[in-house]
Structures are given as C-alpha cells and as structure tokens.
Amino acid sequence: FTYRNPDSRPRITNITRDDQPPVLTDIEGRQVKILRLNYQGNSQVKVFGEDFRENAIIKVGTLFTIQPDQIIYTLPDQLAFTMPDVPESEIGKLHRVVVINEDGGSAASDQPVSGLDTDKIYLQFTKGETEPEIDAIDPVKGPASGGTRIKIAGKDFRKVMEGYGDKAVKVFLGGKEATAVEVADYKTIWATTPANDPGTLTVRVENPDGQISIPMGNYTYISSPQVTGVVNPTDPAEDTPIENISIEGGQEIKIKGSGFMPGARVIFAPTLEKVADDSGGGNIIYRVTTAENKGYTTQVLDPYLLKEGSEGSDVRYIDERTLTVKTPAGKLDSMGLIIVNPDQGASEDYGDISYKLPELPAPEGKVYAEIIRDKHNRTDRAIKVSWNRVAGASEYEIYVVRGSREEFIGSTPLTSYMFSDLEPRTRYRFIVKAVGNFGSSPPSQESNWVQTGSRVGPPDEDGKLGEQTEIKRVGTTAYVNIGSRDRSRSTLTVDLTKGELVGSSQVVVAIPASVAAGSSADVVIQARDFKLRFNPRVFNTSLVNRNRSRDDAGIRFTIAPVTGTPPSTAANALSLPYQLQADFYRGQEKSSMEVLAGAMILELNYDTAKAKLRRLNEALIYRYDAAYGRYIPAQVVAASIPTATVNQMGIYTVMGIRR
C-alpha cells in the first residue's frame with residue numbers, strides 16, 4: 001500500500017447531463033440531488049468543481065473508471081466525458097462520482113464541503129418505455145453559429161407521455177440541446193440547431209421517458225469565419241490598417257476577425273459562382289445565408305464554386321481571431337480576400353483591400369521647417385522645409401498642413417523646398433512623400449510647427465481685390481478671383497478637365513463682399529470627380545453684408561481632396577472625400593464660415609465597381625459631423641448621380657448602403 005500526501009484539494013460542486021442539472025429528490029426521507037441518465041449511454045456528462053488536475057480520472061460508483069484519454073479537461077474547474085452503456089441490472093440504483101487527481105487528491109459527489117444532504121449528488125440510470133430511432137436528418141450540415149432548422153425522420157417520437165408530467169421530447173446535438181422542437185407526427189421532428197464548434201456531432205432524440213434514440217444521427221457543423229480588418233503585422237497595437245498591397249506580392253499582412261481555424265487558406269481577388277448543390281465536386285466553399293422555413297428564420301449553407309483567386313503563402317494561425325499571410329502577386333486594382341477554413345467554411349469577401357503599385361518607404365527621421373524672414377521689409381518671405389533622402393526616390397511631394405487640412409503644394413528632386421504661399425498669423429507644418437517608379441510613399445512624420453507674423457510675402461503694392469474676374473493655375477491649384485466690378489449675368493464655369501486648368505486638383509475662389517451681397521450669376525466648378533454649382537450670395541451672411549462696401553473684405557472659398565488620413569474612416573466610403581472650407585477676410589482679420597446663407601449643389605462621382613463588389617445598391621453623399629465623430633447623410637437632390645445640397649462647410653464623401 002502506498003501512502004500519499006496530496007497537494008491538490010479537489011471538490012465537486014455540480015454534475016450535468018447534456019447541460020441539464022440534477023433535481024432535488026426525496027430518497028428514503030432525505031432530500032438529495034439526483035441526475036438521471038438513460039442506461040444505454042451516450043449522454044454528455046460534465047463534472048464541475050475546483051482544483052481538478054491533468055490526468056485526473058473519474059470513477060462512477062463501482063461500475064467503471066473513465067480514463068484520461070476519454071476526458072475533456074477544462075482546468076481547473078470542469079471535466080467532461082461521454083457516459084458508456086450501463087448494465088440493465090443497475091437501473092434505479094444510486095451511484096456517486098469520484099474525481100481522483102494524479103497526486104491522489106480526491107473528491108466525491110456525495111461528500112460536499114457543506115456536509116448537507118441537499119448538496120449531495122448521485123447518478124441514477126433509467127430505462128424508458130419507448131424505442132425512438134433516427135433514420136435521416138435534413139440538412140446534414142449547417143453553420144457553427146447554429147440557427148438552422150433541421151428535419152429529423154425516424155420512428156416512435158413522443159411529444160409528451162402520460163405519467164411523465166410536463167416532460168417533453170428533446171433533441172441534442174453533441175451535448176447541447178436544440179430549440180424550438182416540434183413533433184409533427186410519430187416519425188417527424190423539426191428543431192433548430194444550437195451553436196457548436198465545427199465538426200461532426202451525434203444527434204439524439206430523447207423521449208419524455210428518458211429513452212434515447214438508437215440508432216442516432218450525425219450532423220456536421222461548418223465554420224463561418226469573418227474578416228473584420230487587415231493590419232500591419234509589425235504594429236503590436238494592431239491599429240495600423242492596410243488597405244493597399246503590392247502587385248509584386250511577398251508582403252506579410254495580419255488578418256483580424258473570428259472563426260479562423262488551423263490550416264485556413266487566404267484567397268486574394270476571389271471570383272465565386274453560386275451552385276445548386278455541392279455534389280459536383282471541385283473547389284466548393286460554403287457561406288451562410290438566411291431563409292424561411294415553415295414560419296421560422298433559418299441559417300443555411302449556400303455552396304459556391306471558387307472559380308478564380310490567388311492563394312496566399314506562409315499562412316500562420318495565431319488564434320481563432322488572428323492570421324498572418326504572405327500575399328501573392330496580383331493584378332493592379334483587383335480587390336478583396338476571403339478566408340477558407342479546412343472544412344470549406346468561407347468568409348464573406350473583405351473588400352477593403354486592393355492591389356496597388358509598390359510604394360517606397362516614407363522619409364525617415366524628422367522633417368524640419370524654418371521661416372525665412374526679410375528683416376529689411378519686415379515680412380516673412382517663405383518657409384524652408386528639409387528632410388532626409390530616400391533611396392530609389394526620383395522626387396518628393398510636399399504637403400502643407402493648415403489647421404486640420406492638408407494640401408499638396410509642390411514637388412522637387414531635392415531634399416528641401418521653399419514654400420511661399422503664406423498667410424499672416426498662421427501656423428504651418430509639413431509632411432513629405434517620396435516618389436518612385438510606382439507612385440508615392442506613405443507620408444513622413446509631421447514637421448515642427450512654425451507661425452508667420454503679421455506681414456508675409458513680398459511687400460504689398462496694391463492690397464485691394466481685383467476689379468475684373470481672373471482665373472489662373474499655380475501648381476495643382478486653380479485660383480478664381482471674381483472681380484468686384486464683374487456684373488455679368490452669365491454663369492461662370494471653371495472646368496478643371498480642359499485647357500490650362502487640367503491637372504488642378506483643388507480650387508480657391510476669392511469673392512469680394514460686394515459680389516457676395518449682390519451677385520446674380522452662378523459659379524460652376526467642373527472636375528473629374530465632382531461638380532459644384534453655387535451663387536456667391538450663399539456667402540452673404542450678416543457679417544459679410546455689413547462689410548459689403550469695404551474694398552478689403554471678401555470670402556476665400558476652397559474645395560480640395562482630403563489628403564492624409566481622414567478624421568474618421570467610413571467603412572462603406574465609395575469616393576474620394578472632399579474638404580469644403582470658407583473664410584471671411586476683412587483687412588488682416590480672418591474668421592471661418594461654417595454655415596452658409598444659402599445652399600450649394602454638389603455632385604460626387606464614385607467607384608461603381610467597389611459598390612458592386614460590396615453589394616451596395618444605393619450611393620448617397622454624406623458629411624462628416626465633427627461634433628459626433630461620424631458621417632451623416634446630406635440632403636438628397638438626385639439619386640442617379642449622388643447629388644446633395646450643401647449649406648455647411650466640412651468633409652463630404654459618397655457612401656454606399658444596402659436596401
């Protein structure tokens with residue numbers, strides 16, 4: 001005999017059968033907990049408690065011992081196993097359960113810590129009066145999320161039975177009970193599957209008398225992975241999104257989501273075709289769809305044929321929410337990826353990633369800005385911006401940050417740039433992008449802030465707004481100066497797609513206060529991606545109207561694409577976001593105009609292919625609401641081309657919705 005001094009102190013607190021708890025029952029004048037099980041076995045038993053250890057064994061009375069290879073361990077508080085068949089001679093007897101750890105520490109279900117009879121638990125095996133059988137199940141597979149309406153065909157199914165109180169027929173898949181069970185007749189049952197782990201499980205029907213169906217059926221749960229984002233694998237915070245990948249491939253990315261399995265595949269730019277069934281073989285995958293079945297909503301699997309797509313390499317399973325993969329080569333502007341688990345369960349197409357030309361790295365280190373001062377004329381002439389060289393770059397793009405807005409100001413093959421389009425008493429900082437054979441790099445770090453004084457640029461020889469309308473292009477900016485004496489009734493059209501203005505990406509319109517107070521002619525700005533129509537009177541607020549007689553009072557209105565990272569990413573954005581900004585000037589004073597006195601009409605073109613890929617069947621213009629940090633719909637004018645009225649400045653973009 002071996003004496004032991006165990007370290008563990010296990011105890012049993014509860015035992016369940018197919019997630020059903022024991023029932024407090026009067027046995028020979030004592031109230032104890034009885035867990036009843038059919039003697040023919042196959043019940044899923046869970047033992048709950050404390051301090052269970054690896055390789056613990058379970059004894060069921062003196063009948064048998066459940067060995068470690070038959071136990072599912074969820075340490076330290078749960079052990080699970082499938083009950084074997086029990087001799088018919090044991091029906092009606094009470095059996096205790098004992099857990100014995102490897103170090104000899106043990107716990108018995110009839111020896112609770114409290115010592116109370118009401119906390120003692122016994123197993124009691126029963127035999128029913130019926131003989132239920134399962135012949136067929138339809139469908140034989142469904143999503144692991146459950147919710148599938150299944151039909152069970154067989155014999156001797158009983159909804160209720162006399163002498164068994166309010167007990168009703170039950171259906172179990174593995175150890176979990178189905179819901180919404182309906183007995184159509186003695187040979188047909190309908191039930192809704194519970195959620196379960198992917199894999200093939202036993203289906204059992206249990207009549208009210210406790211008799212379990214023999215034979216039983218099988219049902220296969222198919223995984224339904226979901227992709228929620230793609231991020232930079234080098235970012236431990238996992239909040240640096242990746243939207244573009246190189247057409248050359250070989251880039252490692254991290255995929256976030258749920259329901260991933262070891263052995264999952266990642267397919268880029270997939271092309272799928274829905275098929276009637278999965279009997280044709282080939283590269284079949286499954287997706288979850290919702291249907292109606294006899295008044296119930298049911299989740300069913302739709303089979304698809306994976307016709308095209310490029311499979312990623314070096315897939316590494318981290319956990320059920322995280323994968324890393326090395327991208328394959330792809331075609332320019334092809335989009336999307338899906339996850340395909342080993343059981344052929346597939347995710348919906350994640351469309352927020354596309355193949356682009358490879359990028360250079362951003363300039364490393366600090367970008368430095370300094371003001372060049374003209375001490376003689378007491379004015380700030382320019383700002384010099386300097387940065388570090390990037391290998392392989394042919395030139396550099398420079399962007400200025402004015403407040404919260406970024407705009408392109410020019411390019412150079414050098415590693416410094418002189419910026420002279422200054423405004424008084426304004427803070428500036430800059431970012432730089434390297435340009436290579438395939439486009440621009442990500443932005444550099446932002447430079448230090450610099451602030452101009454009260455006088456900027458060359459000495460002012462005039463200082464007044466022009467009398468005649470003038471349109472010119474400087475770099476990528478089209479400047480429109482509406483003359484103070486221009487009383488034309490004809491629409492002024494500024495077309496960025498023709499003539500000298502081709503290549504302009506933004507427009508700056510200078511409007512004297514006198515014109516805003518009394519103009520009758522509209523202004524139309526036509527660009528490749530947008531069209532904007534307005535009358536200068538939309539700027540005739542009370543402040544502008546009070547200053548209509550001043551020669552040095554007016555409005556500077558700008559429409560420009562948002563550069564850098566937008567303030568909030570819209571998941572269903574379909575167009576380039578545009579910033580509309582208006583400022584009122586009076587002499588050296590400046591104030592922003594948020595709300596207009598009238599409405600503009602804005603049209604935005606959008607990516608129809610992207611909308612089709614994401615199954616977005618309606619596109620509308622939205623405005624970013626900075627107060628709430630979200631996009632809200634603008635007032636719709638037309639739906640064929642997204643068109644809206646605009647009476648507030650801000651960021652506008654097209655977003656898709658499903659109807």
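Assorted remarks:
- Inclusion of residue 410 among residues that are surrounded by 14 or more Cβ atoms within 10 Å (Cβ to Cβ), under 24 Å from the mean Cα position of the chain (by Cα) and not basic (Lys, Arg) is not warranted.
- Unique residue being aromatic (Phe, Trp, Tyr) and touching a helix residue (DSSP H, G or I) at 6+ places or on another chain (Cβ under 9 Å) when the list is 39, 73: 39
- Counting only strands (runs of 3 or more DSSP E) that sit completely within the stretch 119-158, those holding 3 or more residues that are surrounded by fewer than 21 Cβ atoms within 10 Å (Cβ to Cβ) and in contact with a Ser or Thr (Cβ under 8 Å, 6 or more places away or on another chain) correspond to 149-155.
- Identity of the residue in the stretch 599-622, among the β-branched types (Val, Ile, Thr) and either within 15 Å of residue 536 (Cα to Cα) or crowded, with 20+ Cβ neighbours inside 10 Å (or both), that ends up modelled with the highest pLDDT: 601
- One residue from 318, 338, 371, 353 being farther than 25 Å from residue 233 by Cα and of a type in the set (A, V, I, L, M): 371
- Residue 398 without any contact (Cβ under 8 Å) to a residue 40 or more places away in the chain, within 24 Å of residue 360 (Cα to Cα), buried (at least 17 other Cβ atoms within 10 Å of the Cβ) and not assigned by TED's automatic domain parsing to the domain that holds residue 651: yes
- Count of residues meeting criterion [crowded, with 18+ Cβ neighbours inside 10 Å and acidic (Asp, Glu)] in the stretch 251-304: 0
- Of the candidates 254, 326, the single residue that is over 19 Å from the mean Cα position of the chain (by Cα), farther than 15 Å from residue 222 by Cα and either among the aliphatic types (A, V, I, L, M) or not assigned by TED's automatic domain parsing to the domain that holds residue 615 (or both) is 326.
- Top-ranked residue in the stretch 416-438 [being within 13 Å of residue 372 (Cβ to Cβ) and free of Cβ contacts under 8 Å to residues at least 40 places away in the same chain; ranked as surrounded by the most Cβ atoms within 10 Å (Cβ to Cβ)]: 417
This table checks each residue for (1) surrounded by 19 or more Cβ atoms within 10 Å (Cβ to Cβ); (2) touching a Leu at 6+ places or on another chain (Cβ under 7 Å).
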{"residue": "540", "(1), (2)": "yes, no"}
{"residue": "553", "(1), (2)": "yes, no"}
{"residue": "575", "(1), (2)": "yes, yes"}
{"residue": "580", "(1), (2)": "yes, no"}
{"residue": "591", "(1), (2)": "no, no"}
{"residue": "597", "(1), (2)": "no, no"}
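- The residue list 521, 516 contains one member that is under 18 Å from residue 592 (Cβ atoms) and in contact (Cβ under 8 Å) with a residue 12 or more places away in the chain, which is 516.
- Index of the failed condition, residue 354 passing every other in (1) in contact with a strand residue (DSSP E or B) (Cβ under 9 Å, 6 or more places away or on another chain); (2) within 30 Å of residue 431 (Cα to Cα); (3) part of a loop (DSSP other than H, G, I, E, B): (3)
- Residue in the stretch 643-654 that is at pLDDT below 90, under 30 Å from residue 348 (Cα atoms) and either among the hydroxyl-bearing types (Ser, Thr, Tyr) or within 22 Å of the chain's Cα centre (by Cα) (or both) present: no
- Within the option set 140, 231, 169, 183, being among the hydrophobic types (A, V, I, L, M, F, W, C) and within 25 Å of the chain's Cα centre (by Cα) holds for one residue only, 231.
- Residue within the stretch 105-117 that is under 20 Å from residue 26 (Cα atoms), in the same structural domain as residue 19 (by TED's automatic domain parsing), touching a residue at least 40 places away in the same chain (Cβ under 8 Å) and in contact with an Asp or Glu (Cβ under 8 Å, 6 or more places away or on another chain) present: yes
- Residue match in the stretch 491-499 (condition: small (Gly, Ala, Ser) and either at negative phi or not assigned by TED's automatic domain parsing to the domain that holds residue 606 (or both)): no
- Filter result (polar (S, T, N, Q) and on the phi > 0 side of the Ramachandran plot) within the stretch 15-45: 42
- Test for residue 318: is it over 18 Å from the mean Cα position of the chain (by Cα), outside the structural domain of residue 437 (by TED's automatic domain parsing) and at pLDDT 90 or above: yes
- Residue in the stretch 483-491 that is of a type outside the set (A, V, I, L, M), surrounded by fewer than 17 Cβ atoms within 10 Å (Cβ to Cβ), assigned to a strand (DSSP E or B) and touching a residue at least 24 places away in the same chain (Cβ under 8 Å) present: no
- Residue list for the stretch 307-327, filter: on the phi < 0 side of the Ramachandran plot and surrounded by 20 or more Cβ atoms within 10 Å (Cβ to Cβ): 312, 323, 325, 327
- Scanning the stretch 581-599 for any residue that is in contact with an Asp or Glu (Cβ under 8 Å, 6 or more places away or on another chain) and farther than 26 Å from residue 480 by Cα turns up nothing.
- The condition (being assigned by TED's automatic domain parsing to the domain that holds residue 104, of a type in the set (Val, Ile, Thr) and closer than 13 Å to residue 107 by Cα) is satisfied by just one residue among 23, 47: 47.
- Any hit, the stretch 180-189, residues being out of contact with any helix residue (DSSP H, G or I) (no Cβ under 8 Å at 6 or more places or on another chain), of a type in the set (Phe, Trp, Tyr) and touching a residue at least 60 places away in the same chain (Cβ under 8 Å): no
- Pairing each residue of the stretch 358-385 that is under 13 Å from residue 457 (Cα atoms) with any residue that is small (Gly, Ala, Ser) and assigned to a strand (DSSP E or B), provided the two are 6+ apart or on different chains, yields C-beta distances under 6 Å for 372/382; 383/369.
- When residue 10 is tested against the conditions (1) crowded, with 20+ Cβ neighbours inside 10 Å; (2) within 26 Å of residue 176 (Cα to Cα), the lone failure is (2).
- For the stretch 171-210, filtering for residues that are more than 30 Å from residue 341 (Cβ to Cβ), of a type outside the set (Val, Ile, Thr) and touching a strand residue (DSSP E or B) at 6+ places or on another chain (Cβ under 6 Å) leaves 4.
- Test set (1) in a loop (DSSP other than H, G, I, E, B); (2) among the charged types (D, E, K, R); (3) buried (at least 18 other Cβ atoms within 10 Å of the Cβ) - residue 102 fails condition number: (3)
The values are calculated or read from the model by the stated rules, or taken from the named source; none is laboratory data. Note that this is a predicted model, so its numbers are computed, not measured. Note: ideal-geometry Cβ built from the backbone for every residue, glycine included; neighbour counts use all protein chains shown.
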